[in-house]
1. Looking at Val833, Val871, Val799, which one is assigned to a helix (DSSP H, G or I) and open to solvent by less than 30 Å² (accessible area, probe 1.4 Å)?
2. Any idea how many residues of segment 247-269 are assigned to a helix (DSSP H, G or I), more than 17 Å from Lys215 (Cβ to Cβ) and open to solvent by 10 Å² or more (accessible area, probe 1.4 Å)?
3. With the structure loaded, tell me whether Phe282 is in contact (Cβ under 8 Å) with a residue 12 or more places away in the chain and either charged (D, E, K, R) or surrounded by fewer than 20 Cβ atoms within 10 Å (Cβ to Cβ) (or both) or whether it fails that test.
4. Do we find that Gln342 is at pLDDT 95 or above and among the polar types (S, T, N, Q) in this structure?
5. For a quick check of your reading of the model, give me the residue pairs whose first member lies in segment 769-795 and is assigned by the TED database to the domain that holds Ser677 and over 20 Å from Lys727 (Cα atoms), whose second is part of a helix (DSSP H, G or I) and modelled with pLDDT under 95, with beta-carbon atoms closer than 6 Å and at least 6 apart or on different chains.
6. For segment 1018-1037, does any single residue satisfy the condition of being in contact (Cβ under 8 Å) with a residue 12 or more places away in the chain, out of contact with any Gly (no Cβ under 9 Å at 6 or more places or on another chain), crowded, with 20+ Cβ neighbours inside 10 Å and assigned by the TED database to the domain that holds Leu877?
7. Would you be able to tell me the number of residues in segment 302-314 that are under 30 Å from Thr241 (Cα atoms), open to solvent by less than 60 Å² (accessible area, probe 1.4 Å) and of a type in the set (A, V, I, L, M, F, W, C)?
8. Can you pull out every residue in segment 398-427 that is of a type in the set (S, T, N, Q) and either over 23 Å from Gln238 (Cα atoms) or out of contact with any helix residue (DSSP H, G or I) (no Cβ under 7 Å at 6 or more places or on another chain) (or both)?
Amino acid sequence: MALSCRVAAGLPATPAIGRAAVRGAVRGRASRHARHASLSTVRMAVDTAAPPRSALDMPTAEHPAFELLRVETVDEYTLKCATYRHRKSGAEVISAAADDDNKVFGIVFRTPVTDSTGVPHILEHSVLCGSDKYTSKEPFAELLKGSLQTFLNAFTYPDRTCYPVASQNTKDFYNLVNVYLDAVLNPRAKRDPTVLQQEGWHYELDDAAAPLSYKGVVFNEMKGVYSSPDSRMYRAAQQATFPDTTYAVDSGGDPAVIPSLTFEQFKSFHDAYYHPANSRIFFYGDDDLSYRLQLLDDYLSAFDAPPTPPTSAIATQKLYTQPWKVVEPFPASAEAEAAGGQHMVMLNWLLNEEPLGDVDELALNILDHLLMGTTTAPLYKAMLDSGLGAALMGGGLSDELKQATFSVGLKGVAKADVREVEALALRTLAETAAQGFDADAIEASLNTIEFSMREMNTGGFPKGLAFMLSIMPRWIYREGESPTDALRFEAPLSELKRRLAAGEKVFEGLLTKLLLDNGHRTTVELAPDETLAAKLQTEEERVLAEAKEKMSDAELQEVISSTAALKAAQLKEDSAADLATIPRVGLADLEREVKTIRTETAALPGGGTLLTNPMPTAGVVYADVLLDLSVLPLSELPLMGLFTRLLLETGTSEMEAVTLQRRIGARTGGIDASIFSQQRLAADGAVADPYDVVHMLAVRAKGTSEKAEQLFDLVGAVLTDANLDSKAKVVEILKESKANLESRFVSSGNAFASLRLSSRTSLLGYISEQTGGVSYYATVKAMLENAQSDWPSLLARLVAVRDAVLSQKGVVINLTADPAALDAARPAVDAFVGRLPAASAAAPAAPWREEVSLAPKLDEAYAITTQVNYVAAGARLFEPGTVHNMGAYGVVARYLSSGYLWDNVRVVGGAYGGGCALNPNSGAFAFSSYRDPNLQDTLDIYAATPKVLAELELTDEALEQAIVGAVGELDKPLTPDQKGLRALTWHLLGQTTEGRQRYRDEMLGTTREDFRKFGEVLSAAQLKVAIFGSAEALEKANAARPADEQIAVTKLA
């Protein structure tokens, strides 16, 4: 499913809660191999201490402007939900009371489309550019600068548009709600065409002799999306699967079609769909229930419900009886097409016409996990083990639209093997249905889903927003039903368990009915085309040339004048009066003291360290086991990504891979392996030693307290006894890694450019780039060749890694749980440590600081197949051992990102995103842009930053706003496992409460002089660039640069 959002950052992978789309919480597309599971009888302790005042004890609010439709409790999550209809406007409201101070508001409109102009997406951007009450150019940007928000964004689905906000501060929360309500209902965009020009598209021309061009934030965002083969596949699959409904076109916008959108169409779309009668409004948290209604009535009372409801209902796609195929090209390099193994194939089923019943909906989520939830699940394993492709495609089940779909496929497929991919998937599904699912597989998957629903761990995502997104499909698709039923799982779970206990083949039946006997299946093939990118560019230039040719001299001058006027308007400072309309929080609303986490430290046998973080966790134990990697040679660190995958995907001497993963699913809440890598802090806030790093193997696990012993037994098994001698699995993993890196170069080039910059200034940056950047890509290809041609040598290296890192000495174990659970887990911890070798079997490696050669400081770029660029530049600003006002300088950097760079890189330049960041620990500073149509112009904007700071006239209000926004970033809410990880990080890095308080105080004390001083520091720095972009854009940039400032370009296939 395609989803677009207003800002490039700030939208985590949406966690699923309740039965609706629960697989998102246990198996995200970005982390397919993560495991989460639970016990067959999940018993999570409940804190019986009564809170001083529960939001659930508050009486249901009543208001004369609202009709109270129903009041319900969701016992699974301790929610009380009142549903209302606004009498005058017809708006529907769910007001959820919860004991959660991270308050959430959202307003959602059904926004079906009939074309790919991207009008809902452009409107989503545009309504936040000023309104009747809030008259600055971009209230959204002003809120980003100085709010205490914990979530602030907007996003466009294929059939609806969502505007959610969240904050822990009540005053700030209502500020956000007010701005968003006025924005969606009374936007400036409807009366000011320049908003559409800025956020959507416009002709740009500075000189009558120059070629005409397109600019616009969404236009360039979607150019980046359409440059990504993976994005093209998922869009093609959705459109092919729903050929007769709104999903057959692109709500985000096709760059070739966006410029056909007129201002009249734009306004008409808002008129048609942004009426309160077409909205669904959601509140959640511990704020005043009556005030919510009064606030809403202040806005809604200006609208009258239409005689007939808005015609926004989403049509149902009728199921076809025969499968069909779609073939489309995607832009690829000549090398990729010549290689012949770059085709992408995905099978897609539409599963239902009528809504699924509650039990079937839950069972379908479990079936999805049975088929695809782990690397040993039958469909997942068969696809990758086949060797037909390099990486899996398709997220399995998707049920966020009106009808559920199921998708599976491969990328990196040879042209001759395309048909076999389809045959393999169908054959595997048929064999699985015939053979049935083993009881232990069902137990593991069932418990995986159950644990996830009960734990309700949304990470950094506001819990209330996860609830809102989970109930929304029922709310907008199923008239007459209670949307909150999407959160209830106890009754359907009990019924499903009863049917399974009675011997019913529930999952085999669903598999046969919804997949095998379902004729509504489309196979989508994407074929590489080395000429497509050039064809698209040529066609765009042709259309623009024709448009210019048809313009009279007067019309050309009008375009030139409009271009200049738009830029002037975009760069014009808001008046004091306009800025004064934006509601704000101030320094008085901030907490002055840092928050602490209680952590106790104890010694472990053999020289290790045990950290315990007592706090309420509902009976779940979160455990982190870390092993020191400094015993390894620096050259072996790139092996660790492969090594961590093997720990959990190959089984042990006593358990085959499938047995291991099922046991993890049945006896724990999940086990994952990764690398913890950070730079250790210096004393007294000085810039840290660039060669002092903490680099550890981290195994994170969770489970209920009574199963702590089994949890640690499994952690011990994967660490000490994983079957590393698995050539086929290693080849599979490396092929998958290679393919995924190639996709990410195009979709996330900014991340790789930033890694290149960091590799020049610190050992941590060097390691990060060597283990996850362009250098790692070269290593992956070399390891793949090594695995295929000389497996024993690679196996020996992997075994040597394990022998070196296993040691009681230096092991760190971090536990987060209820106090009683911590005490109960201690014997299991001691037993685990006792099974580790007393000391490393390897000789001490040479200190990494003596082995490393940091990347050279030069201007470099990587040419990729794309229509947009990712432009980064940076340098170390502060030398190791020196002390600076880093908190204040952090305020300045954030101010630049949300002000100067937002205005120039994004608003005027048309990039989807742009900003800068200062690392107070390393002293490094970097600029970065995302999906940027420009290259040299963006570098010029970066270079002008010192001058901007030198000439800056900062008002008292703007200074306070900058401080508030920066301090607010320090205080995001944390779940218990996140608090435990934060405490662990502080311990490993040497971060003290005093140091954190000093940094906060520096932020709070920021002055105008700090802005000037930072500008002077930045002016003295010699910025070097790292860019991922098209070969044409890089060639053009070099042609305009002096001979001694040429960018060294490397082509990435």
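1. Val833
2. Adding up the residues that qualify gives 6.
3. No.
4. no
5. Filtered contacts from segment 769-795: no entries.
6. The answer is yes; a qualifying residue exists.
7. 1
8. Of everything in segment 398-427, those that are of a type in the set (S, T, N, Q) and either over 23 Å from Gln238 (Cα atoms) or out of contact with any helix residue (DSSP H, G or I) (no Cβ under 7 Å at 6 or more places or on another chain) (or both) turn out to be Ser398, Gln403.
The values are calculated or read from the model by the stated rules, or taken from the named source; none is laboratory data. Since this is a predicted model, take the numbers as computed values, not measurements. Cβ: placed from backbone, ideal geometry, glycine included. Neighbour counts: every protein chain shown. We work out accessible area using only protein heavy atoms, side chains counted, and drop any ligands, DNA or RNA first. Shrake-Rupley method; radii C 1.70, N 1.55, O 1.52, S 1.80 Å.
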